[in-house]
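The values are calculated or read from the model by the stated rules, or taken from the named source; none is laboratory data. Worth saying up front: this structure is predicted, and the values here are computed from it rather than measured. Positions of Cβ are backbone-derived with ideal geometry, glycine not excepted, and every protein chain shown enters the neighbour counts.
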Amino acid sequence: MDVDAYLCRDRVSVLIGPISEYKECTMKDSNTVSLKDFVQYPETDMIQRSAQFLRSMAARRTVRDFSDKPVNREIIENCIKAAATAPSGANCQPWHFSVVSDQTVKTRIRREAEKAEARFYAGTSTQKWVKDLEHLGTTPSKPFLEKAPYLIVIFSQLCSYSENGQKTAHYYVTESVGIATGILISALHLSGLVTLTYTPASMRFLNRILDRPSHEKPFLILVTGYPEKDARVPMISKKAPQDYITVFESNPA
Ligand code: IYR
């Protein structure tokens, strides 16, 4: 048997001295690395850290009034890289992020989105839905698509193709891309930016404008930037914990 394949991969990379001194591993070990980055905090710190995270996230709001103030691209890149650490079905990482700051591309996206929204808001089959949205004050007009400095368009890869055209299946795509998007929204918020999770009434035009293949399905547009000086947000409330948590606890002995 090939010696390299018979030793732990992470040990081989730091091999100093004769191979005979290194412990043999099972094949299972050879596919693993140590969980070296896990940090065990004292429990009091953990409570504080989780409470701080809750406070930060509770202060996030979806914003529709964007400033045109530029955003440093490094922030966007870091946040997208954070999103791409998300867990995914069979680790397929079935996502693609198209980052748009080009004014001409933003204008094309706005034009197509507003066409789709005009049909949505005027449609007879969508009237109940439109009524349910009234409290948010949304309309077919989407100026933020041109004004915000960044549109991050997220695509779900339904499958992938290798160089030679070999098709690979992807698993739990919606769940995986949803998790990555959640991390992205959180990262942008914690970096000091605001976002709008915008889903145009139809989205296929995004493949054409952004030159993405048909096995990628537009997931949503994350409009990203700073809020306009006097930005306002809808007055909404969130459910109380007892309305969305049930606990099955073991009885104390
Ligand atoms: N895409 C439309 C309608 C809309 C749909 C949902 I669900 C919302 O939460 C908000 C709006 C629009 O963006 O105006």
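Just a few scattered comments:
- Subset of region 127-150 (residues that are of a type in the set (S, T, N, Q) and without any contact (Cβ under 8 Å) to a residue 24 or more places away in the chain): Gln127, Thr139
- Checked against the criterion of being closer than 22 Å to Pro70 by Cβ, among the hydroxyl-bearing types (Ser, Thr, Tyr) and in contact (Cβ under 8 Å) with a residue 24 or more places away in the chain, the candidates Ser176, Ser191, Ser186, Ser160 yield just one match: Ser191.
- Which listed residue is modelled with pLDDT of 95 or more, within 16 Å of the ligand (Cβ to nearest atom), surrounded by fewer than 16 Cβ atoms within 10 Å (Cβ to Cβ) and in a helix (DSSP H, G or I), from Ala113, Ala51, Ala118: Ala118
- If only residues of region 136-175 that are surrounded by 14 or more Cβ atoms within 10 Å (Cβ to Cβ) and among the basic types (Lys, Arg) are counted, the one that is nearest to Phe205 (Cα to Cα) is Lys142.
- Near pairs, Cβ below 7 angstrom, 6+ apart or cross-chain, from region 35-54 (closer than 21 Å to Ser191 by Cβ) to any residue that is in a loop (DSSP other than H, G, I, E, B) and not β-branched (Val, Ile, Thr): Arg49/Tyr41
- Residue tally, condition over 21 Å from Phe144 (Cβ atoms) and out of contact with any strand residue (DSSP E or B) (no Cβ under 6 Å at 6 or more places or on another chain), over region 87-121: 6
- Unique residue being among the charged types (D, E, K, R) and closer than 17 Å to Lys217 by Cα when the list is Lys131, Lys167, Lys142: Lys167
- Pairs, first under 13 Å from Ile109 (Cα atoms) in region 211-228, second in a loop (DSSP other than H, G, I, E, B) and small (Gly, Ala, Ser), C-beta under 7 Å, six or more apart: Val223/Ala148
- Condition check for Val3: surrounded by fewer than 17 Cβ atoms within 10 Å (Cβ to Cβ) and either at pLDDT 95 or above or more than 21 Å from the chain's Cα centre (by Cα) (or both): yes
- Listing of strands (runs of 3 or more DSSP E) fully contained in region 126-212 that carry 2 or more residues being within 14 Å of the ligand (Cβ to nearest atom) and within 24 Å of Pro87 (Cα to Cα): 194-198
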